[in-house]
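Student: The structure under discussion is supplied below as structure tokens; questions concerning it will follow.
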Amino acid sequence: MPVLRSGKQVRESTSENVLNQLRKKSNQERRNIRGKSIDWLIGPSEEESLSKRSRLPIKSLVLKRYLHLSQQCSYSTKGSQSTREKCEIIFKELRTVWEKSNIPIKAENLCITAIVRLVKCWMSFKRIDLQARSKFTTKKLNERTSKRIENFSSDILKLFDMSANDCYETLKSSRQPGWKQDYQFLLNQRQTPQIGFMGREDQANIQLEKRRKARQICVEKKRNLTNTQIVQIFSDESSNISESTDEDIEDFIPDRTSTPHPSVITIDLPTRSILKDISQTSDRCNVSIRGQVAMASALIRSGGGNLLDVSLSKSTGHRHRKKQREEKAREIFEEWMANKPKFVVVHWDSKMITKLNGQMNERVAILVSGKPHLEAPKLLGVPIISDSTGLSQKNAVVNLLSTWEVTDNVIGLVFDTTASNTGIHRGCATLLEQQLGRAVLWLACRHHFYELHIKHVWSAVIGDSNSPIEPLLKRFQQEWEKLDRDTHNLCLFEWPDDEESFSYQQGRKVLDWGQSHLASQSFPREDYRELIELTVIFLGGTLPAGRNFQFRKPGAHHRARFMHIAIYALKMQMLSERFQLDQNELSQIKTISDYIVLFHSMAFLRSRLASCAPTVDLQFIGGMCQYREDGESQKIVADAALSSCKKHLWYLTEELVILAIFDGRNSHFWRTMMINKLKKIPRPTSFVSAKPKMPQFENTIPTLIDLIGQRSWLIFHLLRCTSKEIEWMQFESSHWEKFEDYRFLRDIINGMEVVNDSAERGVKLITDFRNVVHNEEQQQFLLQVVENHRQQVSLNGRKEQLG
């Protein structure tokens, strides 16, 4: 062993010792270099834990923290960590700071997946050439990549939002005193740059949490008391009650698990007619006789009653139900005869119904509507017909119209545009008009033919399919549960750079319309609301305050369901980066989604309004003509839509174009000019029964005024308007509202049903109750009882609405 001059001995350095020293030195140098390195997109790494932040971290901070963890792993002796493991560490830090803000967050797996997706998006830019990174705005990168980098650079300055989709509702239902401030803090943190920061912990919330935990402990102690302890407590309370102080009273924590309702109530139940009294509700809820008897007996036993004192049996229940249905159906008919509407519109729709025993019957649901005299469409019946031909349907409709004595009150027919309904010789509408002996309005279902428009567009873009179910929609539904449904970083509408372009102007028009109707809650039905919300979000809009957007699970996607293509296509487009699609499918779904939001959604959702129908159809055609000039894919869409439109110009015929004068959204000039042209045409004294003739035009789109003709007088003839009752036509449209006769006509037209949804609900009704009874007369009684009960009693409302 060598000896130094100082006399100290030293070991000889082996090759292994030398290598260890060199490795340690290399790691130290690498640590120093990486500690000072700066990523070209996000900047330097973040050494401090995100949990110590006074603001909710933005995306760039999350990436910087990930970069730091990656650096630590590179020279750690414990081995490397996967991307998800590092993201789990970051999530724990994020969860701490979000909990301090008192804002509810999404489930852990969704948050971690969002972090992983953000990291992968950042790492995708590492493939860019090193020399081009610092000069990504130059021609070294193509325009698309440069735009991606710019969008990413601006996006990472935004909040990494982990808030729950129902954040507002959760905070509101918590009833904490500062929930509004917490939600406002979240809104401020979502801004760029962020506004505000968290100070010290909220003492009010801390005290509230302490009291909540104290109540829980108190309740648990009470539950664990034995009978001996309970007796001891009451005996102690009786002797010590005089010794209690105000401080003791203040420390008392009430048990909030008790209910203000009495534990027992006394009611009188009829012993002989209890089954009769609940028979209507049992019918409406589709409860069997056995189920009805079982529920009644359970109710009696729970109140301590003796079942031997009550008339309960299957035969009794069957007899009471049969009698009650007949009595209620007769009562409904008598009430109808006493308050029969003056004018009605007939709806019908047929379907093959199969019972459990295998018996198959073709049935047709027949209803009438007539606002304002008839608040909701009235079901006349769903009789069996021999086949689905126009003649068989006509006979069934005429028979029920005669039974309910409204044959002379019919002014219009609402139907789906199938050959069995619209055939010029043997169609049901043609035969009905001949049977009535007078001309009536042909009100083709507007939902039906707007769905035909989008189906033709889908076929032109995607291609035809022989299957009743579109394969792409089926695949999307099957993979729904596996998809990340986070509502951030969606693929939205790409707005044109030219704000004067037609697509940009049309998009702004639809967005403003959609947001205004969401604010006024104009669409109470959930499927309509879903479509308009998807449209607004896809266009980059926002929902009203207090309502958070979230994706709903995809429903049925068969061809008979309205709106299924529109809803599915928008979801697929917004989630296209998470749902596996090839390049061709991505382009196709984007093309269809653009058509849906720019044209279909607004036209379809406005199609229920009779007075605006001519204007909507004409604007739709005009929009398609302009849209076809925007590009090759737009031309394919427009040509398919226009080809379908030309077959369904029902509301631009002479008979129906006049409805536009009752639309207050049209200008006074156009409405006045339409009436001026009508006045120049002599009013006929009678009208020939015939299928309406649709206008023919190719290059030039006519105006509403051009479409006025002699048969435009038909609506006034059907409503039996005398010359005196149309005196308002002598004035400009700005004065029409002053005339009571005009307001009467306006209310009838605006309330007129021009969609066949009610007939489809009638078909759904017979489908749901097809196996309850076997007697056809009882079947019709049952449908009347169920319809009436649904109108009278809401099972989705408060207790007051159950009476």
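The values are calculated or read from the model by the stated rules, or taken from the named source; none is laboratory data. Small disclaimer: the values here were computed from a predicted structure and weren't measured. As a convention, Cβ positions derive from the backbone with ideal geometry for all residues, glycine included, and neighbour counts pool all protein chains shown. The accessibility values were calculated without ligands, DNA or RNA, using every heavy atom of the protein model including side chains. Shrake-Rupley method; radii C 1.70, N 1.55, O 1.52, S 1.80 Å.
Student: Name the shape class, rounded, prolate or oblate, that the alpha-carbon gyration tensor gives for segment 620-754, where a ≥ b ≥ c are the square roots of its eigenvalues, rounded holds for a/c under 1.5, and otherwise prolate holds if a/b is larger than b/c and oblate otherwise. Show your work: numbers first, answer last.
Tutor: Numbers: a/c = 2.40, a/b = 1.83, b/c = 1.31.
Cα axes put segment 620-754 in the prolate bin.
Student: Next question, about the same structure. Which of the pairs K323/K764; K482/K553; K351/K647; K147/K590; K590/K646; K120/K158 have their Cα atoms more than 22 Å apart in this structure? Before the final figure, lay out each step's value.
Tutor: Working: K323/K764 25 Å; K482/K553 12 Å; K351/K647 24 Å; K147/K590 19 Å; K590/K646 25 Å; K120/K158 17 Å.
Beyond 22 Å: K323/K764; K351/K647; K590/K646.
Student: Each label point is 7 Å from the Cα along the Cα-to-Cβ direction; what then is the distance between the points at R720 and N584, in nm?
Tutor: So the label points at R720 and N584 sit 6.3 nm apart.
Student: With r defined as the distance between the Cβ atoms of Q778 and E500 and R0 fixed at 51 Å, what FRET efficiency is calculated, to the nearest 0.05?
Tutor: Working: r = 66 Å, r/R0 = 1.29.
Efficiency for this residue pair is about 0.20.
Student: Rolling a 1.4 angstrom probe over the protein heavy atoms, how many square angstrom per residue are accessible across segment 623-705? Before the final figure, lay out the partial values.
Tutor: On the way: 4230 Å² over 83 residues.
Per-residue value: 51 Å².
Student: Let me ask something else. Only Lys, Arg, Asp and Glu count, each charged at its Cβ (+1, +1, -1, -1), so figure out the dipole size of segment 368-490 about its Cα centre, rounded to 20 debye.
Tutor: Value, rounded to 20: 200 debye.
Student: To the nearest 0.05, what FRET efficiency results for T266 and L307 with a Förster distance of 25 Å applied to their C-beta separation? Write down the numbers at each step before the final one.
Tutor: On the way: r = 19 Å, r/R0 = 0.75.
The pair T266/L307 has a calculated efficiency of 0.85.
Student: Would you please put 676-689, 525-538, 763-776 in order of how densely packed they are, using the mean number of other Cβ atoms within 10 angstrom per residue and starting with the highest?
Tutor: Working: 676-689: 12.2, 525-538: 19.6, 763-776: 15.2.
Result, highest mean first: 525-538, 763-776, 676-689.
Student: Under a Cβ-Cβ cut-off of 10 Å, what is the net charge of the residues other than L609 that fall near it, where Lys and Arg count +1 and Asp and Glu count -1?
Tutor: On the way: positive: R446, R606, R608, R665; negative: D663.
That sum, taken over residues with Cβ under 10 Å, equals +3.
Student: Would you mind checking segment 336-365 for residues with the amide N under 19 Å from a putative spin-label position 7 Å along Cα→C-beta of S386?
Tutor: Counting backbone N atoms under 19 Å from the label point, the list is 350-353, 360-365.
Student: Which residues does the label zone of K172 cover in segment 529-549, counting backbone N under 17 Å from a point 7 Å along Cα→Cβ?
Tutor: 543-549
Student: So, for segment 363-437, what is the accessible surface per residue at a probe of 1.4 Å, expressed in square angstrom? Numbers along the way, then the final one.
Tutor: Numbers: 2800 Å² over 75 residues.
Computed with neighbouring chains in place, this is 37 Å² per residue.
Student: Ok, one more. Taking the Cα centre as origin and putting +1 on Lys and Arg beta-carbons and -1 on Asp and Glu beta-carbons, what dipole magnitude results for segment 299-424, to the nearest 20 debye? The partial results should precede the final answer.
Tutor: On the way: 17 positive and 13 negative charges, 105 e Å.
Its charge dipole is roughly 500 debye.
Student: How much net charge surrounds C645 when only the other residues with a Cβ under 11 Å from the Cβ of C645 are counted, with Lys and Arg +1 and Asp and Glu -1? Could you put the intermediate results ahead of the total?
Tutor: On the way: positive: K646, K647; negative: D617, D639.
Local charge sum for C645: 0.
Student: Considering only H600, G664, L652, whose Cα is most displaced toward the positive end of the charge dipole of segment 577-671, charges sitting on Cβ of Lys, Arg (+1) and Asp, Glu (-1)?
Tutor: Farthest towards the positive pole: G664.
Student: Excluding same-chain residues fewer than 8 positions from K724, which aspartates and glutamates have a Cα within less than 18 Å of its Cα?
Tutor: Hits, sequence-local ones excluded: E732, E737, E740, D741.
Student: Between E48 and S70, what is the spin-label point distance in nm, taking each point 7 Å from the Cα along the Cα→C-beta axis?
Tutor: Rounded to a tenth, the inter-label distance reads 2.3 nm.
Student: Related question: Give me the one-decimal nm value for the distance between modelled label points at D484 and S734, 7 Å along each residue's Cα-to-Cβ direction.
Tutor: Simple spin-label model gives 5.8 nm for this pair.
Student: Further, regarding this structure: Give the shape of segment 516-665 as rounded, prolate or oblate, defined through the alpha-carbon gyration tensor: a ≥ b ≥ c are the square roots of its eigenvalues, a/c under 1.5 means rounded, and otherwise the shape is prolate if a/b is larger than b/c and oblate if not.
Tutor: Judged from the Cα gyration tensor, segment 516-665 comes out oblate (a/c at least 1.5, b/c at or above a/b).
Student: Checking the a/c ratio against 1.5 first, then a/b against b/c, what shape does the Cα gyration tensor give for segment 631-702?
Tutor: Oblate is the answer for segment 631-702, as a/c is 1.5 or above yet b/c matches or exceeds a/b.
Student: Can you give the extra length, in nm with one decimal, that the chain gains between I701 and H318 once fully stretched, where that is 0.36 nm per residue apart less the Cα-Cα distance?
Tutor: Difference between extended and current length: 131.5 nm.
Student: Would you grab the residues whose amide H sits under 5 Å from the one on D349? Only those 5+ places off in sequence or on another chain, please, with H modelled 1.01 Å from N.
Tutor: Counting only residues 5 or more places away or on other chains, the set is A365.
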